[in-house]
1. Out of all the residues in the stretch A:164-196, which are within 17 Å of B:Leu199 (Cβ to Cβ), surrounded by fewer than 22 Cβ atoms within 10 Å (Cβ to Cβ) and either of a type in the set (A, V, I, L, M) or more than 8 Å from every other protein chain (Cβ to nearest Cβ) (or both)?
2. If I ask for residues that are free of Cβ contacts under 8 Å to residues at least 40 places away in the same chain and either facing chain A (nearest Cβ under 10 Å) or surrounded by fewer than 20 Cβ atoms within 10 Å (Cβ to Cβ) (or both), which ones from the stretch B:63-84 would you list?
3. Kindly indicate whether any position in the stretch A:49-71 is among the hydroxyl-bearing types (Ser, Thr, Tyr), assigned by TED's automatic domain parsing to the domain that holds A:Pro159, in contact with a Ser or Thr (Cβ under 8 Å, 6 or more places away or on another chain) and closer than 23 Å to B:Tyr208 by Cα.
4. Of all helices (runs of 4 or more DSSP H) completely enclosed by the stretch B:43-140, which ones contain at least 3 residues that are of a type in the set (Gly, Ala, Ser) and within 16 Å of DNA strand C (Cβ to nearest atom)?
5. Return the only residue of A:Leu92, A:Leu60 being surrounded by 16 or more Cβ atoms within 10 Å (Cβ to Cβ) and more than 16 Å from DNA strand D (Cβ to nearest atom).
6. So for the stretch B:22-30 (the condition being without any contact (Cβ under 8 Å) to a residue 12 or more places away in the chain, of a type in the set (A, V, I, L, M) and not assigned by TED's automatic domain parsing to the domain that holds B:Tyr106), does at least one residue qualify?
7. Give the residue, chosen from A:Ser58, A:Ser50, A:Ser38, A:Ser62, that is in contact with a helix residue (DSSP H, G or I) (Cβ under 6 Å, 6 or more places away or on another chain), over 22 Å from B:Leu203 (Cβ atoms) and hydroxyl-bearing (Ser, Thr, Tyr).
8. Taking B:Thr221 as meeting all but one of (1) modelled with pLDDT of 95 or more; (2) of a type in the set (Val, Ile, Thr); (3) not assigned by TED's automatic domain parsing to the domain that holds B:Ala154, write down the number of the exception.
Number of protein chains: 2
Amino acid sequence: MAQPAPIPRGVPEATVARLPLYLRALTALAERGVATVSSDELAETAGVNSAKLRKDLSYLGSYGTRGVGYEVEFLQHQISREIGLTQDWPVLIVGIGNLGHALSNYGGFASRGFRIAALVDADPQRTGEEVAGLKVRHSDDLDDVVKEFNIAIAVIATPAHAAQAVCDRLVDLGITSILNFAPAVVQVPEGVDLRKVDLSTELQILAYHEQRKNGAALALTAEQAVELAKAVGG
Amino acid sequence: MAQPAPIPRGVPEATVARLPLYLRALTALAERGVATVSSDELAETAGVNSAKLRKDLSYLGSYGTRGVGYEVEFLQHQISREIGLTQDWPVLIVGIGNLGHALSNYGGFASRGFRIAALVDADPQRTGEEVAGLKVRHSDDLDDVVKEFNIAIAVIATPAHAAQAVCDRLVDLGITSILNFAPAVVQVPEGVDLRKVDLSTELQILAYHEQRKNGAALALTAEQAVELAKAVGG
DNA sequence: GCTTGTGAAATTGTTCACAGCC
DNA sequence: GGCTGTGAACAATTTCACAAGC
């Protein structure tokens, strides 16, 4: 017997990565008191094109009404449920330097679904200090902290040189979702989700494009210049 | 006459996004005193597979030696040149709150190629304050600051509600490369490169996957559960 | 009449596997 | 013998364009 129907579940990664964007756009619309929105309008608000938006939403289900559009609050709820924001996730931040400090106080966290549950630092000087309403705990207590607060998601905000060791310990403690802010390549075993946020990577990507906006020719290698000359018809 | 040869230039976006990663891996190897590296080793260090690495590098040119590998320093230099890090880019940070502060002091910036040239904030209280060795200037001077320091890349680290207005002003001043840290959807006209770094987006993506690791069935919609039941053979 | 939801086409990105070269 | 560079196969993603449904 052949596969009778396509297996359900299976939202493409690219779509998953855009759901938070849609959620934010919907929140903005809800705040403006908009009750219903078309895919064109929502796409415009989220900064994507409407075909993509409709395709993305179609992976979640059939939540719109033809000829009308989407009900803002309803769609907001469906996406939240899909992402898993109907529960709330206790988040641990490791490394309470400048960046960890900023993250602890960051508004972006406030988005429902996440709660900074604990802060940890390796520096005994910082231990006990209060940041964003939480007492900073020492790294030695990592094990306890993870258990005590039932941490599922951890954020690494340590200096680059410490990132791999911290990551290894987190993985050993059973954490499988890690967000790395340290400017370092960090390896994780199969089954652990690691995402990275990296200022210098982003700047480099911008620089690449910026460089090409002006004197594009300057950036050609000698080899490529020869190719170009040929193609242009030398 | 038909197109005689493929037009050169044109490194795929996906490749561009990985060049900074390779550069970082190469830097790590150089620091360890490694002089030559194979695509397998470099790929391992960078956390990608070696076929992808070789394909990526092949878009830049033929910088390896068959049977041997790549010369670390040479490749480092080629990638730097490709990205445009042989010049250095004066960067402006707008919004010197917690996050802007952290970014100003961030080690990731130190990577050659970027220099924080100016800081700007809308709060007159902060104007004149010294952060990371620079005097914070007032937003009203944005025009002057951009000209004075020849800013090409700007970082938005303001609260969400101010992000769009700041972005519009930056665009008006001719800036075409913007990195947005504010948790808000920001629109830019054609021709402007906007990249976003967003904590809550990243957390949401992790949460999506985390949710599916345990009680995956819990996440099915009623509709999908019916589909699944059918597929399984009800 | 208007807008969603979706097959099919087009494009982009990844992996394979091996010829070419040291 | 070993490793790069790359066509060709494959997979994922985006876009098109229109049938289906309110």
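The values are calculated or read from the model by the stated rules, or taken from the named source; none is laboratory data. Model, not experiment: these values are computed from the prediction. Ideal geometry is used to build each Cβ from the backbone, glycine not excepted, and the neighbour counts take in all protein chains shown.
1. Within the stretch A:164-196, A:Leu194, A:Lys196 qualify.
2. First pass over the stretch B:63-84, keeping only residues free of Cβ contacts under 8 Å to residues at least 40 places away in the same chain: B:63-71, B:74, B:77-78, B:81, B:84.
Answer for the stretch B:63-84, where residues must be free of Cβ contacts under 8 Å to residues at least 40 places away in the same chain and either facing chain A (nearest Cβ under 10 Å) or surrounded by fewer than 20 Cβ atoms within 10 Å (Cβ to Cβ) (or both): B:Tyr63, B:Thr65, B:Arg66, B:Gly67, B:Val68, B:Gly69, B:Glu71, B:Phe74, B:His77, B:Gln78, B:Arg81, B:Gly84.
3. no
4. Numbers: elements: B:50-60, B:72-83, B:98-105, B:107-110.
Once the helices (runs of 4 or more DSSP H) in the stretch B:43-140 are filtered for at least 3 residues that are of a type in the set (Gly, Ala, Ser) and within 16 Å of DNA strand C (Cβ to nearest atom), what remains is B:50-60.
5. The unique qualifying residue is A:Leu92.
6. Filtering the stretch B:22-30 down to residues without any contact (Cβ under 8 Å) to a residue 12 or more places away in the chain leaves none.
Checking the stretch B:22-30: not a single residue is without any contact (Cβ under 8 Å) to a residue 12 or more places away in the chain, of a type in the set (A, V, I, L, M) and not assigned by TED's automatic domain parsing to the domain that holds B:Tyr106.
7. Details: A:Ser58 fails: in contact with a helix residue (DSSP H, G or I) (Cβ under 6 Å, 6 or more places away or on another chain); A:Ser38 fails: in contact with a helix residue (DSSP H, G or I) (Cβ under 6 Å, 6 or more places away or on another chain); A:Ser62 fails: in contact with a helix residue (DSSP H, G or I) (Cβ under 6 Å, 6 or more places away or on another chain).
The unique qualifying residue is A:Ser50.
8. (1)
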